[in-house]
Amino acid sequence: MEESRSRRSRIFSNFMAMGILQGTNFLLPVLVMPFVINRIGADGYGIVAVAQVVLLIFCTVSDYGFNLTATRALALHRDDAAKNAQLFFTVLAAKMIICGVLFALLLLLVTLVPFFKQHVQLYLFGFTWVLGQSLLVSWFFQGVEKMKYITIYTLLARLLFAALVFAFIRQRSDNRFFILFMGIGSLVAGIASIFQAIRLCKLPVVRPLWSDIVHELKEGWPVMLSNISINTFLSINVFILRLFTNDLVAGYYSVAEKIFLATRQVPVMFSQVIYPPLCQLLQKGKEATRPFFKSVYVPFLLLVLLAGVLLFSFSSFIVSFFLGARSGNAVLLLRLFCLGPIIVCLHVPASQLLMAANYKKSYLRVLSWGTVLNVICNLLLVQVWGSLGTTISVLLTELFITAGFNREMYRNKLAGYLSAPAH
């Protein structure tokens, strides 16, 4: 009983830390985006949004699924400093190798593809964001259940980014600096987080072995593909919309989508917080997990439902902060997007059980088919309803993924971890 209370206390503390972070992620755009759109225009912001899609996929590749595979390994031997140090420096080395390959790929794109060549500075400057995100050791703090450090260093990155934007974004041509400023903030925070992790856990500096790097790359491969799938599904929407419309329509949609993505991060953040203790509880059997979900997940689901209602009610007020009186159909889009976080919350137990039990292929299968469905729906619906069709495509995909994760949970006989009788 005492252990259970201690675990719930850690989860609450970690969730509050992540909640502060997510609140900052929501509030900073409220301050930054209207200023940026006023300086570079909604169409200029549309160009930046498309570049962010490409670089976000690069960030996903560089993360390589370590946020799940390395986090799981840390959760299972978090008191072993030697193993933690070996894993820490192995993952960092693997990420730097991946970044080198990605930068070479970006050079090819800006050299050979006219679309990228047109905005060469934007993309080259923006790669600093990919490097900075690779250095930020959020996966390590998640694994050792020290979420407050994720909050501290991510908050540092966001604040530095906001300060640079307000100081230097003045005209439309300055849109090439927007992602660069994100990158500078991430680089500073990433380097600081590495030193903090070494100091906090007293990690001895060790030389990573090539065999260990290869092993981690093999372990993370299915998860990396899964993460690419979900981030492609979340980020490619504005890209496809831009192909069939224009920068202004993409800009209006991007505002509604960014608010949705900020709120969507709440259940994602919750799943990150419960993942390490769930990995440990799974080793104890079904009797340990049901009370865990009942005492932690059910209250959270009710809070998400309440938050969805509030977001729907204040959608017009929120959008006006970003776009003023000229908001296009952004309010309608945001009201539809209010369903998204609720749908995501419904698959948290299933998705986290699949990963904690190491069913990576099942996890990948659901997200891969979800991405395929999203692209097909986008290509069909955007031609009929424009940005409204894009929004409907996102919600249909979220429903498919939720149904898919729950189906895989039952297929892999994991449902008992939710319904086993408590003793």
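Within the option set SER368, SER362, being farther than 18 Å from SER254 by Cα, among the polar types (S, T, N, Q) and open to solvent by 10 Å² or more (accessible area, probe 1.4 Å) holds for one residue only, SER368.
Please pick out the residue among ARG158, ARG170 that is closer than 29 Å to ASN38 by Cα and touching a Lys or Arg at 6+ places or on another chain (Cβ under 8 Å).
Working: ARG158 fails: touching a Lys or Arg at 6+ places or on another chain (Cβ under 8 Å).
Criteria check complete, one pass: ARG170.
Residue-wise test of (1) assigned to a helix (DSSP H, G or I); (2) at pLDDT 90 or above; (3) among the small types (Gly, Ala, Ser).
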| position | (1), (2), (3) |
| --- | --- |
| GLN52 | yes, no, no |
| VAL61 | yes, no, no |
| ALA75 | yes, no, yes |
| ASP79 | no, no, no |
| LEU102 | yes, yes, no |
| LEU106 | yes, yes, no |
| THR111 | yes, yes, no |
| PHE116 | yes, no, no |
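Considering segment 322-359, the residues that are within 20 Å of the chain's Cα centre (by Cα) and open to solvent by 40 Å² or more (accessible area, probe 1.4 Å) include one that is nearest to LEU414 (Cα to Cα), namely LEU346.
From the list LEU187, LEU225, LEU217, the lone residue that is within 24 Å of GLN352 (Cβ to Cβ), modelled with pLDDT of 85 or more and outside any loop (DSSP other than H, G, I, E, B) is LEU217. For PHE88, the test of being under 28 Å from LYS258 (Cβ atoms) and either in a helix (DSSP H, G or I) or open to solvent by 10 Å² or more (accessible area, probe 1.4 Å) (or both) is failed. The residue that is nearest to TRP129 (Cα to Cα), among those in segment 149-186 that are more than 17 Å from the chain's Cα centre (by Cα) and among the basic types (Lys, Arg), is ARG176.
So that you can scan it fast, the table gives a plain yes or no per residue for (1) touching a Ser or Thr at 6+ places or on another chain (Cβ under 7 Å); (2) farther than 12 Å from ALA356 by Cβ:
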residue: TYR253; (1), (2): yes, yes
residue: GLU257; (1), (2): no, yes
residue: PHE260; (1), (2): no, yes
residue: THR263; (1), (2): no, yes
residue: VAL268; (1), (2): no, yes
residue: PRO276; (1), (2): yes, no
residue: GLN283; (1), (2): no, no
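Residues being small (Gly, Ala, Ser), farther than 19 Å from LEU399 by Cβ and touching a residue at least 40 places away in the same chain (Cβ under 8 Å): count how many of those fall in segment 308-344.
Within segment 308-344, the subset small (Gly, Ala, Ser) is 308, 313, 315-316, 320, 324-325, 327-328, 330, 340.
Narrowing the set further to residues that are farther than 19 Å from LEU399 by Cβ leaves 313, 315-316, 320, 324-325, 327-328, 330.
So of that shortlist, the ones also touching a residue at least 40 places away in the same chain (Cβ under 8 Å) come out as 324, 327-328, 330.
Summing the residues that are small (Gly, Ala, Ser), farther than 19 Å from LEU399 by Cβ and touching a residue at least 40 places away in the same chain (Cβ under 8 Å) in segment 308-344 gives 4.
Residues being within 23 Å of GLY416 (Cβ to Cβ), open to solvent by 10 Å² or more (accessible area, probe 1.4 Å) and within 22 Å of the chain's Cα centre (by Cα) are represented in segment 271-286 by at least one member.
The values are calculated or read from the model by the stated rules, or taken from the named source; none is laboratory data. Computed from a predicted structure; not experimentally measured. FYI the Cβ positions are ideal-geometry reconstructions off the backbone, even for glycines, and counts take in every protein chain you see. These accessible areas exclude ligands, DNA and RNA; they are computed on the full protein's heavy atoms, side chains included. Shrake-Rupley method; radii C 1.70, N 1.55, O 1.52, S 1.80 Å.
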